[in-house]
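The structure under discussion appears below in the form of structure tokens.
The values are calculated or read from the model by the stated rules, or taken from the named source; none is laboratory data. This structure is a prediction, so every number in the text was calculated from the model and none was measured. Cβ atoms come from the backbone with ideal geometry, glycine included; neighbour counts cover every protein chain shown. Keep in mind that these areas ignore ligands, DNA and RNA; they rest on the heavy atoms of the full protein, side chains included. Shrake-Rupley method; radii C 1.70, N 1.55, O 1.52, S 1.80 Å.
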Amino acid sequence: MKVLIANRGEIAVRIIRACREMGIPTVAVYSDCDRDARHVREAEQAIPIGPNPASESYLRIDKIIDAARRSGADAVHPGYGFLAENASFAQACADASLTFIGPSAEAIRLMGSKTAARSAAIEAGVPVVPGTEQPFADTAGDDEIVAAAAGIGFPLIVKAVAGGGGKGMRTVDRAEDLLPAVRTARSEAGSAFGDSAVYLERRILKPRHIEIQLLGDQHGTIIPFVERECSIQRRHQKVVEESPSLAVSPELRREIAAAAAAVAKTVGYYNAGTIEFLLDADGSFYFLEMNTRLQVEHPVTEMVTSIDLVHWQIRIARGERLDIDPDRALRPQGHAIECRIYAEDPDLGFMPSPGTIRGLRPASGPGIRDDGGVGAGYSVPVFYDSLIAKLVAWAGSRDEAIARMARALGEYQVLGIKTTIPFFLWLMRQPSYMAGDYDTTYLDCLLAERKGESFSELDETEEDLAAIAAAVDAYLRATAGAGMQPEGANATPWTQAARRDALRG
Ligand code: MV4
């Protein structure tokens with residue numbers, strides 16, 4: 001086997017690590033600005049696939065299939081994002097006799113339709129939020145929509161059939177706002193997905209977002225895992241994920257996991273997938289949608305189960321049978337938390353902060369896992385998602401995991417660009433977060449309450465260090481730029497060693 005990774009950044013590095021552990025050679029692909037990227041350096045081979053815009057490189061099925069053919073790869077891992085949930089890509093791989101390390105094209109296509117996914121859940125006997133089963137036809141009259149809404153009740157949500165992740169969604173509190181909301185949702189969905197179909201769901205107030213990771217093999221076995229708690233989101237973007245959830249008892253865990261497995265079974269699912277649920281305050285849960293890929297937050301599941309999901313993706317794609325003990329997958333050992341470190345400035349409304357990373361010291365030590373995609377000297381391009389690393393803390397209990405995360409965030413140093421680290425240091429100290437008392441509306445509300453104070457209140461030592469680092473950086477750049485050597489660089493090794501010692505003292 002030889003695996004081409006149709007992705008970049010931390011997830012490409014994560015997949016390369018799994019392949020190396022399994023003795024499988026890897027092929028990276030890269031756009032122009034990624035020529036020197038970390039995933040390119042760490043793969044055995046690398047093939048250029050075009051200009052910076054993803055639409056001209058990482059999203060080009062033809063170029064990726066061609067790169068696989070030219071490199072002699074016989075399997076393709078799509079990672080997440082880009083082409084990971086594109087049924088035509090999975091089909092193109094199959095047509096080119098490449099093993100797609102993921103589910104079947106049919107499963108991707110089916111779950112891409114939110115209404116078809118709801119029907120599969122209903123067929124599996126899994127609760128869905130009350131709503132319309134069929135999307136509205138483009139020709140649907142106003143009276144048909146109004147009648148459907150009256151049957152559901154308010155507040156409700158207009159959702160795009162091709163949507164997911166909050167795009168093309170509209171909340172409607174009163175009957176008179178319904179038709180305008182349907183119109184804007186339709187036009188938003190039309191331009192975002194090329195499909196303007198929408199449907200209605202009753203709105204669950206203040207739900208938690210709970211999801212179930214699962215693996216399925218090509219012989220019909222489905223293994224569901226302990227849940228992930230993903231309610232900490234900012235504008236529909238997850239920022240912190242945990243496993244297990246404080247809101248899920250062992251009994252509820254078995255119920256939700258069985259529901260997830262039933263949905264997967266109904267559609268003949270194989271490889272890694274995740275089923276999202278809304279969990280109501282009263283403990284009722286509802287199927288939301290299925291993600292037919294490896295997810296960003298998969299490491300928290302790996303940490304509490306000691307099961308490597310990427311290894312299993314590869315073994316399943318090779319046709320192997322799952323032989324995981326179902327109880328092991330469902331019983332969390334300790335607690336894991338993941339913080340997504342983005343190249344964004346939390347003090348400027350989380351504005352992207354691309355640029356060159358001048359210095360990088362990731363956190364390490366007991367219970368810490370750093371899934372990084374960059375290194376010192378690498379740059380964060382403006383063209384793609386700005387996730388630079390995922391910091392995962394594991395400990396025996398949630399309180400200890402929070403303390404460990406705070407410690408690791410304090411160790412983490414990134415020079416040259418802004419990151420979300422100061423925001424996480426603040427969040428880990430919030431009493432409501434520490435109490436686990438939150439739902440999907442929590443973070444946006446908490447941020448709205450803040451009066452714009454800076455997240456980055458550096459203490460004195462950190463400020464001194466930053467000043468020293470900046471001075472050294474300016475000096476090195478000035479001398480390198482002018483083609484000069486630092487004074488005395490040609491001194492004897494003895495003199496150089498003596499100078500280093502003096503610096504250390
Ligand atoms: C909902 C909901 C409440 N009721 N559906 C947002 C993203 C998309 N996957 C579905 N989403 C929601 N659907 C009903 N019927 C609330 C949300 C929602 C949400 C869900 C998960 C995580 C964060 C969220 C933030 C706001 C709204």
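For a quick check: with amide H placed at 1.01 Å from N, whose amide H comes under 5 Å from Glu241's, ignoring anything fewer than 5 positions away on the same chain?
The list, which skips near neighbours in sequence, is Glu338.
Please tell me which of these pairs span more than 19 angstrom C-alpha to C-alpha: Lys167/Lys265; Lys114/Lys265; Lys63/Lys238; Lys159/Lys265?
Working: Lys167/Lys265 28 Å; Lys114/Lys265 17 Å; Lys63/Lys238 31 Å; Lys159/Lys265 25 Å.
In this structure, Lys167/Lys265; Lys63/Lys238; Lys159/Lys265 lie more than 19 Å apart at Cα.
With +1 on each Lys and Arg Cβ and -1 on each Asp and Glu Cβ, how big is the dipole of region 289-361 about its Cα centre, in debye rounded to the nearest 20?
Using only the charged Cβ atoms, the result is roughly 280 debye.
So how much accessible area does Tyr378 have, in Å² to the nearest 10, using a 1.4 Å probe?
Taking all protein chains as shown, Tyr378 has close to 40 Å².
Scan around Tyr30 for amide H atoms under 5 Å from its own, H built in the peptide plane at 1.01 Å from N, and keep only partners 5 or more places away or cross-chain.
Amide H to amide H, under 5 Å and 5 or more residues apart or across chains, Tyr30 pairs with Ile47, Ile49.
Which distance in nm do the two modelled labels at Ala137 and Ile122 give, with both placed 7 Å along the Cα-to-Cβ direction?
Spacing of the two 7 Å Cα→Cβ label points: 1.8 nm.
Quick one: helix 142-152 against the long Cα principal axis of the chain, what's the angle to the nearest 10°, folded into 0 to 90?
That works out to roughly 80 degrees.
Where Lys and Arg each count +1 and Asp and Glu each count -1, what net charge lies around Leu98 among other residues with Cβ under 12 Å from its Cβ? The partial results should precede the final answer.
On the way: positive: Lys2, Arg69; negative: Asp66, Asp74, Asp95.
Taking every other residue near Leu98 into account, the sum is -1.
If you line up the long axis of helix 9-21 against the longest principal axis of the chain, both from Cα atoms, how many degrees apart are they, to the nearest 10?
Helix 9-21 sits roughly 80 degrees off the main axis of the chain.
Given only helices, namely DSSP H runs of n ≥ 4 each adding -39500 (n - 2.57), what is the per-residue ellipticity at 222 nm of the chain, to the nearest 500 deg cm²/dmol?
Here the helix-only value at 222 nm equals -11000 deg cm²/dmol.
In debye, nearest 20: dipole of region 171-279 around its Cα centre with unit charges on the Cβ of K, R (+) and D, E (-)?
Charge dipole of region 171-279: 180 debye, to the nearest 20.
What does the highest-first list of 296-303, 464-471, 393-400, 246-253 look like by mean Cβ count within 10 Å?
Highest to lowest by the protection proxy: 296-303, 393-400, 246-253, 464-471.
Kindly identify region 316-460 as rounded, prolate or oblate by the Cα gyration tensor criterion: order the square roots of the eigenvalues as a ≥ b ≥ c, call it rounded if a/c is under 1.5, otherwise compare a/b with b/c, prolate if a/b is larger, else oblate.
Because a/c hits 1.5 or more and a/b fails to exceed b/c, region 316-460 counts as oblate.
Over what distance in Å are the Cα centres of region 411-461 and region 20-46 separated?
Region 411-461 and region 20-46 have Cα centres separated by 34 Å.
Provide the packing ranking of 360-370, 43-53, 259-269, 404-414, i.e. peptides ordered by the mean count of other C-beta atoms within 10 Å per residue, highest first.
Descending packing order for the listed peptides: 259-269, 404-414, 43-53, 360-370.
So how exposed is Phe82, as accessible area in Å² (1.4 Å probe, rounded to 10)?
70 Å²
Subtract the Cα-Cα distance of Ala467 and Arg183 from 0.36 nm times their separation in residues, and report this length gain in nm to one decimal.
96.9 nm
Excluding Ala257 itself, what net charge comes from residues whose Cβ is under 15 Å from its Cβ, given Lys and Arg +1 and Asp and Glu -1? The partial results should precede the final answer.
On the way: positive: Arg228, Arg253, Arg254, Lys265, Arg328, Arg331; negative: Glu211, Glu227, Glu229, Glu251, Glu255, Glu276, Asp325, Asp327.
Here the count lands on -2.
Roughly how many Å² of Asp74 are accessible to a 1.4 Å probe, to the nearest 10?
Rounded to the nearest 10, the figure is 70 Å².
I'd like the distance between the alpha-carbon centres of region 363-383 and region 73-132, rounded to an integer number of Å.
Spelled out, the Cα-based centre of one part sits 30 Å from the other.
Going by Cα centres, region 206-271 and region 146-200 are how many Å apart?
26 Å
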